[in-house]
Amino acid sequence: MNIKQQNRMDRGLGGNRKGAAAVEFAICVPILFLVTWGCVEMTRYNLVKNVANQSAFEAARIGVRPGATAQEVEDEARDQMKFVCDDCDVVVTPSVITSNTDFITVEIQVDIRDQGLLIAQYFDSPILEAAFTIRRDNVATY
């Protein structure tokens with residue numbers, strides 16, 4: 001063996017490494033795929049959670065206006081959530097808003113199994129809940 005061949009062997013450029021890249025690829029790609037898929041799933045879950053929180057906030061703000069009804073608050077929450085889910089539960093407390101109502105609470109419940117999240121089967125509770133309570137200024141209507 002001459003010096004040129006010995007240097008190639010020392011650097012790993014020759015010898016029996018023909019299948020090493022294929023084996024490394026076969027081991028690394030499934031792991032990389034699972035990590036990427038998990039990141040996408042958790043991002044989707046976080047998106048649904050943030051939209052539900054924002055929807056509860058926006059709907060509660062509608063209820064603060066003088067003369068607002070619970071149905072308007074519920075409609076606003078459903079309108080805000082329409083891009084994320086078609087069938088989510090919205091509860092407005094109190095069910096009848098009067099001029100003496102001090103607080104309005106909007107609760108939104110989303111079944112994340114309906115959102116295409118495969119990772120949802122590993123959660124203890126597949127129901128995502130968002131709620132927002134706002135104090136109402138008791139101002140007489142004009």
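The numbers here are math on the coordinates, done by the rules we state, and not lab data. All values reported here derive from a predicted model rather than from experimental measurement. Methodologically, a virtual Cβ is constructed for each residue, glycine included, from the backbone with ideal geometry; neighbour enumeration extends over all protein chains shown.
Structural descriptor for the stretch 32-142: relative contact order 31 percent, calculated from alpha carbon pairs under 8 angstrom and at least 6 residues apart. Please give the charge dipole size of the stretch 32-142, origin at the Cα centre, charges +1 on K and R Cβ atoms and -1 on D and E Cβ atoms. Round to the nearest 20 debye. Taking the Cα centre of the stretch 32-142 as origin, the dipole is about 320 debye. A simple rule links phi to the HN-Hα coupling: the Karplus curve 6.51 cos²θ - 1.76 cosθ + 1.60 with θ = phi - 60°, which for the stretch 97-108 gives 9, 10, 5, 9, 5, 8, 10, 10, 10, 10, 10, 10 Hz, with x for Gly and Pro. At an R0 of 22 angstrom, the distance between the Cβ atoms of residue 32 and residue 123 translates into a FRET efficiency of 0.35.
Here the Karplus curve 6.51 cos²θ - 1.76 cosθ + 1.60, taken at θ = phi - 60°, turns the phi angles of the stretch 52-60 into couplings of 5, 4, 5, 5, 5, 5, 5, 5, 5 Hz, with x standing for Gly and Pro. Evaluating 6.51 cos²θ - 1.76 cosθ + 1.60 at θ = phi - 60° for every residue in the stretch 79-93, the Karplus couplings come out as 5, 5, 8, 5, 7, 9, 8, 8, 10, 10, 8, 10, 10, 10, 10 Hz, glycine and proline recorded as x.
For the stretch 54-87, the residues whose backbone nitrogen is under 19 Å from a point 7 Å from the Cα of residue 99, taken along Cα to Cβ, are 63-70.
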